1. State whether the residues of segment 133-141 include one that is at pLDDT 95 or above, closer than 24 Å to K182 by Cα and part of a strand (DSSP E or B).
2. I need the full set of residues from segment 96-120 which are crowded, with 23+ Cβ neighbours inside 10 Å and farther than 20 Å from H259 by Cα, in order please.
3. Quick one: in segment 189-208, which of the residues that are of a type in the set (A, V, I, L, M, F, W, C) and buried (at least 18 other Cβ atoms within 10 Å of the Cβ) is farthest from Q161 (Cα to Cα)?
4. For segment 142-179, give me each residue that is more than 21 Å from Q203 (Cβ to Cβ), touching a strand residue (DSSP E or B) at 6+ places or on another chain (Cβ under 9 Å) and outside any helix (DSSP H, G or I).
5. Against the condition touching a residue at least 60 places away in the same chain (Cβ under 8 Å), among the polar types (S, T, N, Q) and crowded, with 19+ Cβ neighbours inside 10 Å, how does T148 come out, does it pass?
6. Tell me whether segment 71-94 contains one or more residues that are crowded, with 23+ Cβ neighbours inside 10 Å, at pLDDT 95 or above and on the phi > 0 side of the Ramachandran plot.
7. Could you pull out the residue among E253, E186, E211 that is surrounded by fewer than 24 Cβ atoms within 10 Å (Cβ to Cβ) and under 24 Å from G63 (Cα atoms)?
8. When you scan segment 179-192, do you find a residue that is in contact with an Asp or Glu (Cβ under 9 Å, 6 or more places away or on another chain) and over 30 Å from E49 (Cα atoms), even just one?
Amino acid sequence: MAIGRIQLKSDADVAGIRKAAKVVERALAAAAALIQPGVPTLRLDEAAEAVIREAGGRPAFKGYQQGGGTPPFPGSLCISVNDVVVHGIPSEMPLVEGDVVTLDCGVELDGYFGDFAYTFAVGEISAEAKALLDATRASLYAGIEQATAGNRVGDIGYAVQTYCESRGYGVVRDLVGHGVGKRLHEPPNVPNLGRRGVGKKLQSGLTICIEPMINGGTGDVTVDADGWTVRTADGALSAHFEHMVLVQRGAAEVLSSYHLIEAALATARGESTAAPAAAVAPES
């Protein structure tokens with residue numbers, strides 16, 4: 001839950017947030033390159049943490065305290081497999097062909113925070129799982145389209161909710177997006193459901209995380225005894241995509257990027273990520 005006053009960011013603040021987001025991207029790309037059946041999720045966590053430390057950053061999730069007697073979060077990544085929605089703890093559990101796995105990463109760098117997430121396929125996944133991932137990702141961009149100065153938080157949630165529920169998916173109500181920048185969690189909260197024209201007004205300079213968490217069944221969730229791991233109540237698969245955006249007049253600027261992550265996936269599949277020859281300017 002984000003608590004406190006909304007902080008609009010200066011150009012210097014946005015530059016610092018971009019740098020933190022780039023470290024998140026590199027950390028997620030390093031972990032993505034290792035995703036295959038048989039790999040323990042702890043190995044992904046270790047790869048991401050190494051990148052973060054080498055860049056001079058701090059894993060923002062590691063040691064995070066949520067209170068209520070729950071132990072601090074032990075990982076640099078939240079690694080959530082199949083029916084785990086968020087906050088999965090890295091472990092020696094190996095990935096299995098057909099799994100879906102979400103990697104969520106937070107980084108503090110020079111006093112600024114980056115935080116975003118991506119759901120991956122492990123090998124070949126079912127058509128139903130792929131459809132869930134595709135819909136969740138598409139709903140993220142539907143929400144981003146509404147993140148423009150003068151709109152309200154409810155416009156973002158409405159876009160996500162209507163996109164997913166119209167396709168038969170469950171929107172998680174107990175977990176929300178949030179402001180980000182000088183702290184990991186800042187106001188306002190950004191739910192994935194809402195009514196148009198309702199909620200906090202979006203202002204230029206606001207930086208927020210939009211993060212649809214969408215289930216293949218209902219939107220209901222439970223929490224494991226560890227106090228962290230959030231699962232779908234009915235055992236259905238869940239997907240989670242997250243971007244950091246800067247609200248401004250007109251279209252929002254997406255401060256995070258999936259480019260290096262998807263390049264790492266393409267390389268792991270043996271695909272070329274180079275530009276086609278026709279797109280290369282002739283040498284002079």
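1. For segment 133-141, residues at pLDDT 95 or above, closer than 24 Å to K182 by Cα and part of a strand (DSSP E or B): absent.
2. Hit for segment 96-120 is Y112, nothing else.
3. Result: L206.
4. Of everything in segment 142-179, those that are more than 21 Å from Q203 (Cβ to Cβ), touching a strand residue (DSSP E or B) at 6+ places or on another chain (Cβ under 9 Å) and outside any helix (DSSP H, G or I) turn out to be Y169, G170, V171, V172, R173, D174, L175.
5. Against the criterion (touching a residue at least 60 places away in the same chain (Cβ under 8 Å), among the polar types (S, T, N, Q) and crowded, with 19+ Cβ neighbours inside 10 Å), T148 does not qualify.
6. Yes, because at least one residue in segment 71-94 is crowded, with 23+ Cβ neighbours inside 10 Å, at pLDDT 95 or above and on the phi > 0 side of the Ramachandran plot.
7. E186
8. No, segment 179-192 has no match at all.
The values are calculated or read from the model by the stated rules, or taken from the named source; none is laboratory data. The shown structure was predicted, so the numbers you read here are calculated from the model rather than taken from an experiment. Quick reminder, even Gly has a Cβ in these numbers, built from the backbone with ideal geometry, and neighbours come from all protein chains shown.
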